Every structure is written in C-alpha cells, then in structure tokens.
Amino acid sequence: MVAAFAAGWIDAVVGGGGLLLLPALLVAAPQLHPATALGTNKLAAICGTSTAAVAYARKTTIDWGVAGPAAGLALLCAGCGAALAGAIPASAYRPVIIAVLILVAVFVTVRPQMGLIEQPHKRTAWRRGTAVAVAGAGIAAYDGLIGPGTGTFLVLAFTTLIGADFVHGSAMAKIVNTATNLGALVVFAATGHVAWLLGAAMAVCNVGGALLGARMALRRGAGFVRIILLTVVLALIARLGWLVWQDS
C-alpha cells in the first residue's frame, strides 16, 4: 500500500511509478504469477493515472490534436503488448532499454534548458505525427509488455518531438498512459491475470499519491519535474542493470 501511494506520486509527476510498485508487489505477494502481478499493477495504475490526467486537464492546456490520437492508438497497441507478455523474455530487451535510458540521462543533463519552456515552433505536422506514432504505438506496446518507465518515456517523447515543456508533456503523458493501462488491463483481466481485491486496495493508495503528485508538479513547475525525471531515469538504469547482472 505504501509503494502504491509512492508510485502514484511518481507517476503523476513524471511517470515511472511501476519501477517501484511492480518489484514491491512481487516481493509482497511472491505467489502471484508474473502476468498477474503486471495485471494487478495495471488496475492500480489506471486509477492513479486517470486521476492525475483529470487534475492536469483542469489546470493546464492539453494538446488534444496529439494526445487524443496517441491515446486511441495506445489503447490498441498496449493490449497487443499485454497479449505477448511472457512470450518475449525480458532479458531480450533490457540491455536496449538501458542503453536508451543512458542516452536520455546524458541528453537531459547536457541540455539543462530542455523542457523548461515550450517550443511551439517544433509542432510541425511531421513531428506531431511522429509523436503520435512513437507514443501511441512503440511506447504503448512496451507498456503492455512490461510497463515500468512508460510515463517517463511518454514525457520525453512529447518534450523532444513537439517541444512541450515538462509540465505540459507530463499532462499529455497521463492521457496516453491512462489509455495504455486500460488496453493492457482489459487483456490481463480477460485472461484471468488480475488480483482484484489486492489491486483495488492498491488503487485507493495510488489515487492519493497521484493527486498529491499532480498538484506538486503544477505548483512547482518544469524545473521540479526535470529533477524528478532525472532521478527516475537513473533509478530505472540501476534497476534494469541489476536485473541484467542477475540474468548473467
């Protein structure tokens, strides 16, 4: 329950709450099948991300021309990813994700102004289309397969591709992340891989954390989100690196 609250806060600010919640769930309930842990995590996460999405939508401007199509595509692609969960071993793509995260950490560090102010000149038709494809297809499929870090990848996609600042990028990420969670949850539920009672209890805590996180991000601005972003990216690198080392 504590991990669910903390994960809701992290997800609402910059994404990546699954980095904390999924391992905590596997430790607290080791009897769960990995797919059931993923499905139960999605039940809690969708409540938190949808709550954060509403909070952001009330206080900031959402680029629905990008977020809407991306969310629609994400609903389908996350479901496809969830259907393949377990078929592709995690060890196959962890090194690639680590390499991408290291590049992200370097990129954000050497460009301290990135994401602090909006860059509307980047919102060309080509870039907007690319953002929809990357967020709605690539990142959504990853969320269905494994999940942790999805919100972070979405924020970075909207920041780098269409010039959103971190706050507006996070707002759009919550819309798409809600869709990815829903798409994956439907598949996991249909295959019996959701522990409903445990997931519902986690959801209540996740919503509480999401409300607090969204309010803090809106109040403290893009600089605060950038710090949390770098922290989450480094934690993801450490976590996935540890798993790769264990696999070897």
- Residues within the range 137-157 that are under 25 Å from Val110 (Cα atoms) and either among the β-branched types (Val, Ile, Thr) or part of a helix (DSSP H, G or I) (or both), tallied: 9
- Query: Among the residues of the range 55-78 satisfying the criterion of being closer than 17 Å to Arg127 by Cα and among the aliphatic types (A, V, I, L, M), which is most open to solvent (accessible area, probe 1.4 Å)?
  - Reply: Leu73
- Considering only the range 1-42, state which residues are buried (at least 23 other Cβ atoms within 10 Å of the Cβ) and in a loop (DSSP other than H, G, I, E, B). Val14, Gly15, Gly16, Gly17
- Message: Which pairs turn up if I take residues in the range 90-104 that are of a type outside the set (Val, Ile, Thr) and look for partners that are modelled with pLDDT under 75 and open to solvent by 60 Å² or more (accessible area, probe 1.4 Å) with beta carbon separation below 8 Å, at least 6 apart in sequence or on another chain?
- Response: Ser91/Asp247; Arg94/Asp247
- Task: Take the range 163-202 and flag every residue that is among the small types (Gly, Ala, Ser), in a helix (DSSP H, G or I) and open to solvent by less than 10 Å² (accessible area, probe 1.4 Å).
- Result: Gly169, Ser170, Ala171, Ala173, Gly183, Ala184, Gly199
- Message: Condition check: assigned to a helix (DSSP H, G or I), among the polar types (S, T, N, Q), surrounded by 24 or more Cβ atoms within 10 Å (Cβ to Cβ) and in contact (Cβ under 8 Å) with a residue 40 or more places away in the chain. Does Thr160 satisfy that?
- Response: no
- Task: Would you check if Val134 is open to solvent by 40 Å² or more (accessible area, probe 1.4 Å), closer than 17 Å to Leu84 by Cβ, in contact (Cβ under 8 Å) with a residue 24 or more places away in the chain and assigned to a helix (DSSP H, G or I)?
- Result: no
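The values are calculated or read from the model by the stated rules, or taken from the named source; none is laboratory data. All values reported here derive from a predicted model rather than from experimental measurement. When we count neighbours, we look across all protein chains shown, and the Cβ atoms used for this are built from the backbone with ideal geometry, even at glycine. These area figures cover heavy atoms from the full protein model, side chains too; ligands, DNA and RNA do not enter into them. Shrake-Rupley method; radii C 1.70, N 1.55, O 1.52, S 1.80 Å.
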